[in-house]
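Undergrad: Attaching a single structure in structure tokens format; questions to follow.
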Amino acid sequence: MRAPAPLSGLRILELAGIGPGPFCGMMLADHGAEVIRVGRPNSGGGVSDDARDPLLRSRRTIALDLKKPEAAAAVRRIAATCDGLIEGFRPGVMERLGLGPDVLIADNPKLVFGRMTGWGQTGPLAAEPGHDIDYIAISGTLHAIGDAGGKPVAPMNLVGDFGGGGMMLAFGMLAAMLQAKTTGVGQVVDCAMTDGSAVLTSMIWGMRGQGRWNDQRGTNLLDGGAHFYDTYETADGKWLAVGAIEPQFYAALRRVMGLDGAEWDAQFVPAVWLKLKQELVVRFKQRTRDAWVAAFDGHEACVAPVLDFEEATQHPHNVARGTFVTAGGIAQPAPAPRYSVSGTVAPRMGEAADGATILAEAGLNEAEIAALA
């Protein structure tokens with residue numbers, strides 16, 4: 001029998017938001033924390049969240065209109081029972097609601113108050129609106145993504161919202177909660193997507209400092225500039241990902257594709273990359289994607305098919321590892337990472353609001369609960 005999930009025993013209050021805040025809550029819930037989500041009421045009195053959204057899985061919910069003083073007071077009571085809180089409003093909003101960190105940490109000295117914003121709590125842009133693409137723009141990250149000679153390409157909202165935002169906040173909150181368990185002292189975690197997206201590029205900054213990376217996107221080792229690290233279209237309009245960096249993998253790529261001639265020996269000479277890439281473009285279009293996958297099978301050339309979402313759920317490796325699951329009729333990624341001793345939480349979707357129970361747990365009496373209802 002497996003041990004409980006690693007974060008079992010932690011209690012987190014999450015105030016409804018979009019993108020990175022819910023992702024942080026999902027990560028904590030997936031790994032065992034009890035996450036209570038305060039959602040906005042809909043016209044029927046329930047929570048306005050979409051039950052099909054995997055970002056909202058595996059928590060209990062309560063519908064409260066935080067603009068009403070009695071609802072804000074209830075949040076304050078719930079927060080007093082929690083180890084951490086997640087909020088993603090603009091700076092100053094929680095303070096205007098009477099729910100700022102000074103108030104809630106005074107109520108609960110060990111509380112870790114997680115604040116998720118794009119620009120951060122301080123700085124000249126702190127009060128400005130923005131989205132993922134804006135935040136990664138000023139960190140230098142967006143400039144580095146795209147084809148040579150082309151425009152910067154938005155990497156969906158993975159780098160700012162989720163990698164540099166929600167995941168960074170989950171890490172920061174866990175670090176602060178670990179310290180609070182030892183010291184009894186809570187604190188604010190100021191998570192800005194500008195900061196987080198910059199941290200994600202630390203290796204690139206290192207290569208830049210070593211003179212191994214230049215600011216012309218699409219011309220470097222890992223940004224599609226090298227002929228042995230790029231994607232290539234195949235005869236059926238599908239794509240292959242080639243990552244044959246190390247000499248043994250590059251040798252395997254050459255062997256399978258019959259890349260003979262001295263020009264292919266100059267693997268790490270950027271001056272020849274474009275010419276060799278043009279040759280690979282022609283060669284890869286001579287077979288279908290799956291024919292190439294079969295040709296490379298067993299050769300350790302670091303070549304993989306580029307799969308769409310539906311194909312990804314059916315790939316044998318993903319099936320064997322259970323990388324994707326279905327919960328509430330919605331296909332979605334399974335919790336990750338995995339543990340040798342502990343389990344993770346099987347995703348649960350679309351749970352009904354459980355406000356009365358949550359309020360009772362926070363110490364509200366029947367009359368107070370009825371007034372909020």
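The values are calculated or read from the model by the stated rules, or taken from the named source; none is laboratory data. Given the structure is predicted, the values throughout are model-derived calculations rather than measurements. With ideal geometry, Cβ positions are generated from the backbone for all residues, glycine too; neighbour counts draw on all protein chains shown.
Undergrad: Do we find that Leu276 is more than 36 Å from the chain's Cα centre (by Cα), farther than 16 Å from Pro305 by Cα and surrounded by 12 or more Cβ atoms within 10 Å (Cβ to Cβ) in this structure?
TA: no
Undergrad: Need a quick list: strands (runs of 3 or more DSSP E) entirely within segment 303-346 having at least 1 residues that are within 21 Å of the chain's Cα centre (by Cα) and farther than 30 Å from Trp292 by Cα.
TA: Strands (runs of 3 or more DSSP E) meeting the threshold: 324-327, 330-333.
Undergrad: Taking Gly355, is it at pLDDT below 95, under 30 Å from Met1 (Cα atoms) and surrounded by 13 or more Cβ atoms within 10 Å (Cβ to Cβ)?
TA: It is false that Gly355 is at pLDDT below 95, under 30 Å from Met1 (Cα atoms) and surrounded by 13 or more Cβ atoms within 10 Å (Cβ to Cβ).
Undergrad: Does segment 85-119 hold any residues that are of a type outside the set (A, V, I, L, M, F, W, C) and touching an Asp or Glu at 6+ places or on another chain (Cβ under 6 Å), and which are they?
TA: Within segment 85-119, Arg115 is the sole residue that qualifies.
Undergrad: Output the residues belonging to segment 347-368 that are without any contact (Cβ under 8 Å) to a residue 60 or more places away in the chain and either in a loop (DSSP other than H, G, I, E, B) or in the same structural domain as Asp308 (by TED's automatic domain parsing) (or both).
TA: Once the filter is applied, which keeps residues that are without any contact (Cβ under 8 Å) to a residue 60 or more places away in the chain and either in a loop (DSSP other than H, G, I, E, B) or in the same structural domain as Asp308 (by TED's automatic domain parsing) (or both), segment 347-368 yields only Asn365.
Undergrad: How many residues, within segment 100-133, are within 16 Å of Leu200 (Cβ to Cβ) and part of a helix (DSSP H, G or I)?
TA: 2
Undergrad: Another question, if that's okay. Any residue in segment 95-103 that is surrounded by fewer than 18 Cβ atoms within 10 Å (Cβ to Cβ), over 30 Å from Thr219 (Cβ atoms) and in contact (Cβ under 8 Å) with a residue 12 or more places away in the chain?
TA: Scanning segment 95-103 turns up at least one residue that is surrounded by fewer than 18 Cβ atoms within 10 Å (Cβ to Cβ), over 30 Å from Thr219 (Cβ atoms) and in contact (Cβ under 8 Å) with a residue 12 or more places away in the chain.
Undergrad: Would you mention how many residues in segment 18-55 are in a loop (DSSP other than H, G, I, E, B), in contact with a helix residue (DSSP H, G or I) (Cβ under 9 Å, 6 or more places away or on another chain) and surrounded by fewer than 22 Cβ atoms within 10 Å (Cβ to Cβ)?
TA: Looking only at that region, the number is 5.
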